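Enquirer: Sharing a structure below in structure tokens format, with a few things to ask.
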Amino acid sequence: MQKEKSSLRLFWCLFFIYTMNTFTKIAFSAVTAAMIKDGVLTKTQAGTVSGIFWLVYAVGQFVGGSLACRHPIALLKLSLIGGGVANLLMAFSNSYIPILIIWSSNGIVQMGFWPSVLYILTNYILPEQRNKSLTYIAYCYGIGSILSHICTAVVLTHFSWNVVFIWCAMMSFISVIPVFYIKRTLIPQLSEGIKMPKAEKKEKEYLPKGFVWKSGLMFFCTLLLIKSFTESGIKTWMPTILMESHGVSPSFTSVLSVVLLVLNLFGVSIGAMIYRKLRENEVNTLLFQYLTVVPLMALLLGFRSMNVYVLTIIFSLITVMLYGSGQVMSMYYPSRFQKVGGVAFMGGVLNCFAAIGNVIASYANGLIADLYGWDITIIVWNGAIIFFVLVTLILMPTWKKFRREQGIK
């Protein structure tokens with residue numbers, strides 16, 4: 001009973017930490033418009049700062065994934081304290097170069113956060129609570145994003161954008177407190193009587209022997225790139241498409257952005273339900289989710305003649321399904337490697353490719369829209385979804401063989 005309580009407390013501590021950490025990563029995007037309006041940055045400079053952050057963050061995931069199995073607590077502290085310092089410095093920066101350097105540094109210190117959270121979840125949460133924990137932890141980013149937007153809107157109503165960074169820094173510093181509780185109380189309680197996997201030994205014995213191909217890792221990385229490119233593109237440019245094609249107001253799109261963040265939380269529950277119904281098979285789950293998206297994406301080809309509310313509903317359904325697929329690739333799949341000590345490494349690699357997908361989406365979608373218009377952009381999104389389905393079909397035999405070799409039913 002005591003271990004069950006400790007396991008639940010550990011989960012809620014991680015849930016709080018992860019949610020608050022979201023503030024420190026998306027603070028810049030939340031105030032970008034205000035910084036541009038005040039003449040602190042140009043649009044090009046703002047795009048460069050955001051792009052460099054995600055590039056540095058992506059590369060750092062390889063390092064963070066390798067270190068998280070040995071030093072998860074230290075990496076959590078580094079991310080929370082370092083992220084807090086970076087946000088605090090941003091509050092007092094008013095020119096391009098310092099902002100670029102500081103926000104890039106924030107990307108570096110965030111390198112081991114997610115791999116560490118994933119490692120602690122899969123190694124210390126009790127097995128009977130683990131699957132639910134992996135599902136519910138997926139809500140953190142969505143909830144953090146919603147809270148961040150609300151807090152930003154409130155702060156900017158009364159103060160300047162600088163205060164938003166100060167607020168995010170304070171949240172990050174406060175989040176360090178539960179980390180000490182996890183280290184000193186919860187992990188010792190949950191470790192008692194549990195033989196933990198020797199990560200370094202297991203990885204040396206297992207990972208080099210065709211691990212990348214046997215586990216389908218490169219296929220999953222490719223799928224994450226496609227998912228990030230499409231989802232980020234739709235979420236970013238959907239408001240602009242609605243404004244230019246149907247003349248909706250900026251206030252409508254602002255409300256819609258928040259509504260989409262809320263709806264995405266349902267994507268987590270839907271994804272978890274599909275995963276259970278399909279006997280916890282990651283590839284089958286992804287195939288089902290994207291086969292559902294294919295006809296919805298095809299409907300978007302007629303977006304100009306479609307009722308604005310019908311179009312909004314279709315956009316929303318697509319983003320819900322795409323968001324739900326992320327937990328399959330970023331959480332359920334890496335958790336399969338707990339026995340061989342590869343959870344943190346796999347989580348880091350996959351998070352890296354998700355970040356790269358966001359970087360590509362930031363530039364490629366806008367470029368395609370500028371050069372060829374929204375019709376061609378939507379055709380590209382359709383092609384990306386179909387390509388995703390094809391990759392999952394190719395991956396199926398590899399994943400089936402891997403599950404059999406690992407004794408996964």
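Any read-out appearing in this document is the output of simple, stated calculations on the displayed coordinates, not a laboratory observation. A quick note: this is a predicted structure, and the numbers were derived from the prediction, not measured. Heads up, the Cβs are rebuilt from the backbone with ideal geometry, glycines too, and the neighbour counts pull from every protein chain shown.
Enquirer: In a shell of Cβ-Cβ distance under 13 Å around Arg276, excluding Arg276 itself, what net charge do Lys and Arg (+1) and Asp and Glu (-1) give?
Expert: So the surrounding residues net to +1.
Enquirer: Using a Gaussian network model of the chain with C-alpha springs under 10 Å, which one of Asn162, Asn307, Asn123 is most mobile by mean-square fluctuation?
Expert: Asn307
Enquirer: Once Rh for the range 211-403 is found with the Kirkwood sum over Cα pairs, what is the Stokes-Einstein diffusion coefficient at 37 °C and 0.692 mPa s, in µm²/s?
Expert: It diffuses with D of about 191 µm²/s by this estimate.
Enquirer: If you consider only alpha-carbon coordinates, what radius of gyration and Dmax does the range 337-409 have, in Å?
Expert: 17.3, 50
Enquirer: Using the Karplus curve 6.51 cos²θ - 1.76 cosθ + 1.60 with θ = phi - 60°, work out ³J(HN,Hα) for each residue of the range 165-171 in order, rounded to whole Hz, and write x for Gly and Pro.
Expert: Ordered by residue, 3J(HN,Hα) equals 5, 5, 4, 5, 4, 4, 4 Hz.
Enquirer: Also, quick follow-up: Using alpha-carbon pairs under 8 Å, 6+ residues apart, how would you state the relative contact order of the chain in percent?
Expert: Relative contact order of the chain: 26 percent.
Enquirer: Once you've got the GNM for the chain with C-alpha springs shorter than 10 Å, pick whichever of Thr24, Thr230, Thr42 has the biggest mean-square fluctuation.
Expert: Thr42
Enquirer: Under a point spin-label approximation (7 Å from Cα along Cα-to-Cβ), what is the Phe92-Met273 distance to one decimal in nm?
Expert: Label at Phe92, label at Met273, 5.1 nm between them.
Enquirer: Among Val343, Val328, Val389, which one shows the highest mean-square fluctuation when the chain is modelled as a Gaussian network with alpha-carbon springs under 10 Å?
Expert: Among Val343, Val328, Val389, the largest mean-square fluctuation in the Gaussian network model of the chain belongs to Val389.
Enquirer: Turning to a different aspect of this structure: According to a simple spin-label model (label point 7 Å from Cα along Cα-to-Cβ), what is the distance in nm between Thr48 and His246?
Expert: 3.7
Enquirer: Taking θ as phi - 60°, what are the ³J(HN,Hα) couplings along the range 11-17 by the Karplus curve (6.51, -1.76, 1.60), each to the nearest whole Hz, with x for Gly and Pro?
Expert: So the J values, rounded to whole Hz, are 4, 5, 5, 5, 4, 5, 4.
Enquirer: Positive end of the dipole of the chain, charges at C-beta (+1 Lys, Arg; -1 Asp, Glu), about the Cα centre: which of Leu260, Phe220, Ala344 has its Cα farthest in that direction?
Expert: Highest projection toward the positive end goes to Ala344.
Enquirer: What's the exposure ranking of Phe53, Phe402, Phe315, Phe92, going from fewest to most Cβ atoms within 10 Å?
Expert: Ranked by crowding around the Cβ, least crowded first: Phe92, Phe402, Phe315, Phe53.
Enquirer: Hey, fewest Cβ within 10 Å first, where do His158, His246 land in order?
Expert: With the fewest neighbours first, His158, His246 line up as His158, His246.
Enquirer: Further question: Treat every Asp and Glu Cβ in the range 15-196 as -1 and every Lys and Arg Cβ as +1, leave all other atoms uncharged, and give the resulting dipole magnitude about the Cα centre to the nearest 20 debye.
Expert: 240
Enquirer: Additional query: For Rg/Rh (Cα atoms, Kirkwood Rh), the choices are (i) 1.01; (ii) 1.07; (iii) 0.96; which was calculated from the structure?
Expert: Label of the calculated value: (iii).
Enquirer: Turning to a different aspect of this structure: Any idea which of Thr398, Phe288, Gln327 is furthest toward the positive side of the dipole for the range 211-403, if Lys and Arg beta-carbons carry +1 and Asp and Glu beta-carbons -1?
Expert: Most positive-ward Cα: Thr398.
Enquirer: Can I ask one more? Sort all Cα-Cα distances of the range 59-137 into consecutive 5 angstrom bins from zero, then give the percent of pairs in each bin up to the one containing the longest distance.
Expert: 3, 16, 20, 16, 16, 12, 8, 5, 2, 1, 0
Enquirer: Between Glu4 and Ala33, how many nm apart are label points set 7 Å from Cα along the C-beta direction?
Expert: The two pseudo-label positions are separated by 4.8 nm.
Enquirer: Turning to a different aspect of this structure: What is the Cα convex hull volume of the range 15-196 when expressed per residue in Å³?
Expert: Hull volume over Cα atoms, normalised by residue count, gives 103 Å³.
Enquirer: To the nearest 20 debye, what is the magnitude of the charge dipole of the chain about its Cα centre, counting +1 on the Cβ of each Lys and Arg and -1 on the Cβ of each Asp and Glu?
Expert: Here the chain has a charge dipole of around 1600 debye.
Enquirer: If each residue of separation counts as 0.36 nm, what is the full-extension length gain between Leu126 and Phe180 once their alpha-carbon separation is subtracted?
Expert: 17.4 nm
Enquirer: Under 12 Å from the Cβ of Ala361, count the other residues' Cβ atoms, weight Lys and Arg +1, Asp and Glu -1, and hand me the total.
Expert: +1
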